[in-house]
Amino acid sequence: MTPLRSVELRPSRALAAAIAAGHLAALAAVWAALPGPGAAVATAGLALSMAAFVRARREQPAALEFGGVSLRIVDRHGETRDVRLLDARVPAWWLIVLEVGAPGARRQALVVLPDSGRRDDLRALRAWILRGAAWAGRGADALATGDDPART
């Protein structure tokens, strides 16, 4: 059995700042372009969107444990659960996007930026994804759907 490597995660301040700035820019555009009632409805939608982001940020795991074909999430209360990697992308050296799920649980998307964890740990996570160890457990499903970690 492959030993698991742990990556402690913290909420990204850069992501929070970018999302807050985007919401503020959208709010300014809404009030500049729409009449009062329309702007009020759009403002409510933006408030709901920001609330959903804050909730998602609170639900972000405290750590990921990975190795071989295993992936576990450690929540903020210290509880560990096995999850399945549904999708993973490393579109740039500084960005990791994971979609994970477990039987009976909803899917969860994780956006990991450089300020989310230690540099060496994030490098190990990227390598695990890119070399395909994360995908090894998908077998025929990956081949049937055309998922190829080399294209990630």
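The values are calculated or read from the model by the stated rules, or taken from the named source; none is laboratory data. Everything numeric in this text was worked out from a predicted model, so none of it was measured. Cβ: placed from backbone, ideal geometry, glycine included. Neighbour counts: every protein chain shown. With ligands, DNA and RNA removed, areas are computed over all heavy atoms of the protein, side chains included. Shrake-Rupley method; radii C 1.70, N 1.55, O 1.52, S 1.80 Å.
Would you work out the charge dipole size for segment 29-105 about its Cα centre, treating the Cβ of every Lys and Arg as +1 and the Cβ of every Asp and Glu as -1, and quote it to the nearest 20 debye?
140
What's the magnitude of the charge dipole for the chain around its Cα centre, counting Lys and Arg as +1 and Asp and Glu as -1 at the beta-carbon? Answer in Debye, nearest 20.
200
Using the beta-carbon distance between ARG5 and ALA26 and R0 = 35 Å, what value does 1/(1 + (r/R0)^6) give for FRET efficiency, to the nearest 0.05? Intermediate results must be reported in sequence, preceding the final value.
Working: r = 39 Å, r/R0 = 1.11.
For R0 = 35 Å, the calculated efficiency reads 0.35.
Among 115-128, 67-80, how do they line up from the highest to the lowest mean number of other beta-carbon atoms within 10 Å?
On the way: 115-128: 16.4, 67-80: 14.6.
Top to bottom by mean Cβ count within 10 Å: 115-128, 67-80.
For segment 1-84, count all C-alpha to C-alpha pairs, find those more than 20 Å apart, and express that count as a whole percent of the total.
52
Which of these values of Cα extents along the principal axes in Å was calculated from the structure shown: (1) 65, 38, 31; (2) 61, 35, 32; (3) 82, 36, 32?
(2)
Checking understanding here: applying a Kyte-Doolittle mean of at least -0.5 and a length along the axis of at least 24 Å (C-alpha), which whole DSSP H helices in the chain pass? Before the final figure, lay out the partial values.
Working: long enough: 13-33 (30 Å, 1.56); 36-58 (33 Å, 0.75).
Length and hydropathy pass: 13-33, 36-58.
Pick out, from ALA52, ALA124, LEU86, the residue whose Cα sits farthest towards the positive end of the charge dipole of the chain, with +1 on the Cβ of Lys and Arg and -1 on the Cβ of Asp and Glu.
The residue sitting most towards the positive pole is ALA124.
For the chain, calculate the relative contact order in percent as a whole number, restricting contacts to Cα pairs under 8 Å that are 6 or more residues apart. Let's see the in-between values first.
Working: 200 pairs, mean separation 36.2, N = 152.
It rounds to 24 percent for the chain.
Report the FRET efficiency, 1/(1 + (r/R0)^6), for ARG81 and LEU48, where r is their Cβ-Cβ distance and R0 is 41 Å, rounded to 0.05.
E between ARG81 and LEU48, to the nearest 0.05, is 0.90.
Skip the ligands, DNA and RNA, and give the accessible area per residue of segment 31-113 with a 1.4 Å probe, whole Å². Don't skip to the end; give the middle numbers.
Working: 4880 Å² over 83 residues.
For segment 31-113, the per-residue accessible area is 59 Å².
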